[in-house]
Amino acid sequence: MRPVQAAFPAARFRRLRRTEALRDLVQEHRLTVKDLIWPVFIRDGKGIEEPVASMPGVNRLSLDRLLSAAERAHKLGIPAICLFPYTDPSVKTETCEEAWNPENLTNRAIRALKAELPDLAIMTDVALDPYNANGHDGLVRDGVILNDESVEALVRMTLVQADSGADIIGPSDMMDGRIGAMRAALESAGHKDVAILSYAAKYASAFYGPFRDAVGASGALKGDKKTYQMNPGNSDEAIRLIERDLREGADMVMVKPGMPYLDICRRVKDTFGVPTYAYQVSGEYAMIQGAAERGWIDGKKAMVESLLGFKRAGCDGILTYFAPAVAKLLDSAA
Ligand code: PBG
């Protein structure tokens, strides 16, 4: 596409920027509440809203508080929430069995949410890190993160989440071959309509720091995740990973983190034209909130601008901790 443009003064770009009405009319991309997936940290207990120090405004919620927060989010029109459990260190093991315990926090939360709010889509995280004594997303033997054994564990975890009522399975582990294994297992278990949103292009990023605090994995993590998450210097590899996951049966794909990887979002959307999501991760949220708290930027404006950037880059939706705040803002502007 090559828009034809007259020369100055016949063409004056400022004509269409003169008033808010004119600016609105010609706006190319828009953020709506329907673009949002809200990641929520959950924990055991009752009546608890425990602040996450490195994520101002974000709390770990006990299940009763989760239900009321989810109901508010649903009323605001947010279509989906994604659950991340804070796991007590006492249940973390090297073998991670808690990950596929039908009574674990996540599975109890899915069932409770589905009973109260059947129309709210529930996405889950599939990776072993909340349950792993060493903080890794896969099983570890002699310091090596095992691929195929981890995939078996992740499949078990997936099936239990699907049994509990999850609508969207979100594998964030970056093991090879997991999407095909999960799809096949879901099909043969009768969960043919459970969707997979693959964290297909997930980079080994410094921006996950606050999240690891929130789920209590920072202390546990030994080493780094560079043997399974992507090198931030790569772009073609992201395209190959997305294609691989689509061929294995992913219904939707994700790029993560978001803001430093908007070029990847655009390439993915242009290349495949599939439902494409970005995760505006904990460190991105913390940067905006941290600067806003100090009065260095206008937090609300920076929030909206950062999210609009994802739409402009071709994303169909965004996982963001700002979801309730931005939904309220959009609601009051309507
Ligand atoms: C782990 C997982 C991570 C995030 C989502 N799932 C962290 C990691 O890979 O270490 C990060 C989300 C965020 O930073 O907001 N499976």
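Annotation: the residues VAL253, VAL274, VAL155, VAL144, sorted from fewest to most other C-beta atoms within 10 Å of their own C-beta, follow the order VAL144, VAL274, VAL155, VAL253.
Its alpha carbons give region 98-173 an Rg and a Dmax of 13.1, 45 Å.
Straight-line cross-link partners of LYS34 among the lysines, defined as a Cα under 25 Å from its Cα and at least 8 positions apart when in the same chain: LYS75, LYS114, LYS192, LYS202, LYS256, LYS269, LYS300, LYS301, LYS311, LYS328. Mean silhouette area of region 1-155, derived from the convex hull of its C-alpha atoms and averaged over all directions, reads 15.7 nm². Ordered by the number of other Cβ atoms lying within 10 Å of each residue's own Cβ, fewest first, TYR277, TYR208 fall into the sequence TYR208, TYR277.
Run through region 90-150 and list the GluC sites (Glu not before Pro) located in a DSSP loop whose Cβ has at most 16 other Cβ atoms within 10 Å. Sites meeting the loop and neighbour criteria: GLU94, GLU103. Counting other Cβ atoms within 10 Å as a rough exposure proxy, the listed residues TRP296, TRP38 run TRP296, TRP38 from fewest neighbours to most. Rg of the Cα atoms in the chain, relative to 2.2 N^0.38 Å, amounts to 1.02. Put a plus charge on the Cβ of each Lys and Arg, a minus charge on the Cβ of each Asp and Glu, and nothing anywhere else: the dipole of region 30-333 about its Cα centre is then about 840 debye.
Computed from point charges on the beta carbon alone (+1 for Lys and Arg, -1 for Asp and Glu), the dipole magnitude for region 1-85 about its Cα centre is near 680 Debye.
Read the figures in this text as sums done on the coordinates, not as results from a lab. All values derive from a computational prediction rather than experimental measurement. Here the Cβ is made from the backbone with ideal geometry for all residues, glycine too, and neighbour counts use every protein chain on show.
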